[in-house]
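Step one of this worksheet: look at the structure below.
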Amino acid sequence: MNKYKEIIVNSYSGYFNYLKNELTTLHIENFFYGLIIISLIVFVLEILFPWRKNQPVFRKGFWLDTFYMFFNFFLLNMIILIAMNNVTAQLFNDFLSLFGLQLTSIQLVDLSKLPKGLSLFIFFIVSDFVQWNTHRLLHRFEFFWNFHKVHHSVTEMGFAAHLRYHWMEPVVYKTLLYIPLALIGGFSIKDVFIVHFISITIGHLNHANIGWDYGPLKYILNNPKMHIWHHSKEMPRKYGANFGISLSLWDYLFKSNYIPNDGKDIELGFEDIQSFPNNFINQELYPFKK
């Protein structure tokens, strides 16, 4: 038990030092300023090419979403995910040791031995497929859906809505993602940075007030005209549709795609959204009250 306490303490102190360095040092892999740059670029695109022209630039929920964006991207990592990830890794290694195994002995692919472009592609594809399945899980079961409602409480769509989500969501995502990624070891923190920011950029664009579908690439890449239907209040499919995170490919392959028309002015949310809280604290407490 002391081993796990030490891991948690070291995780917090290490992440605190890392975050302090991110705020005070400019470098190519800076998460803090990278998020700000991506957000500003997509925000400018919303202003220059608005899809819903009657929607205000500072739409309903804009400032709440902005708070969520920084809370979930930085503070949430410090509070929960960094320590949880390190403890999960140690628990998994301890479990394998019961059978005389180590993490490296169960790896199916060592990405460090492959060409960089191929290793990044495999890492991206595996991550996105696991997250697509996890997203379906959040819609399928009421327990998870009550947490996921926070993300679907957006009623006017914009780029910052991408990171409006309850803190329990990444706990589920990271837990289910850990073992598949453990099976394809050999990726570096720089690889994680590259793939993560590709996903952040696509996710910002998916939620932005931009009427793009990327032409023929819409069958591969998730896009605003597809993702708007995922947030539709009126959904004929019981558990929803268009679950793609970065890729729309999985929805087309497994027949969970749904785009009946351009969806520009559809109503967003869910059936009982009128009773859903509209402030951060009560949204965080909502699933536990349910």
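Since every read-out is calculated from the coordinates, none of them should be taken as a lab result. On a predicted model such as this, the values are computed, not experimentally measured, just so you know. Every residue, glycine among them, receives a Cβ derived from its backbone with ideal geometry; neighbour counts consider all protein chains shown.
Observations
- In sequence order, region 208-214 has phi-based couplings of 6, 7, 9, x, 9, 10, 6 Hz under the Karplus curve 6.51 cos²θ - 1.76 cosθ + 1.60, θ = phi - 60°, and Gly or Pro positions carry x.
- GLU284/HIS196 FRET efficiency (R0 25 Å; Cβ-Cβ; nearest 0.05): 0.60
- LYS264 sits among other residues whose Cβ lies under 9 Å from its own Cβ, and their net charge, with Lys and Arg +1 and Asp and Glu -1, is 0.
- In this structure, the amide hydrogen of LYS233, modeled 1.01 Å from its nitrogen in the peptide plane, lies closer than 5 angstrom to those of GLU267, LEU268, GLY269, counting only residues at least 5 positions away or on a different chain.
- Amide H contacts under 5 Å for LEU247: ASN222, restricted to partners 5 or more places along the chain or on a different chain, H placed in the peptide plane at 1.01 Å from N.
- Cα-based equivalent ellipsoid, region 170-268: semi-axes from gyration tensor eigenvalues, Å: 27, 16, 12
- Approximating the spin labels as points 7 Å out from Cα along Cα→Cβ, the ILE266-to-SER97 distance works out to 5.1 nm.
- Packing, as the average of other Cβ atoms within 10 Å across residues, places the peptides 167-173, 236-242 in the order 167-173, 236-242, highest first.
- Straight-line cross-link reach from LYS289 at under 28 Å between alpha-carbon atoms covers these lysines, not counting any fewer than eight positions away in the same chain: LYS60, LYS149, LYS174, LYS233, LYS238.
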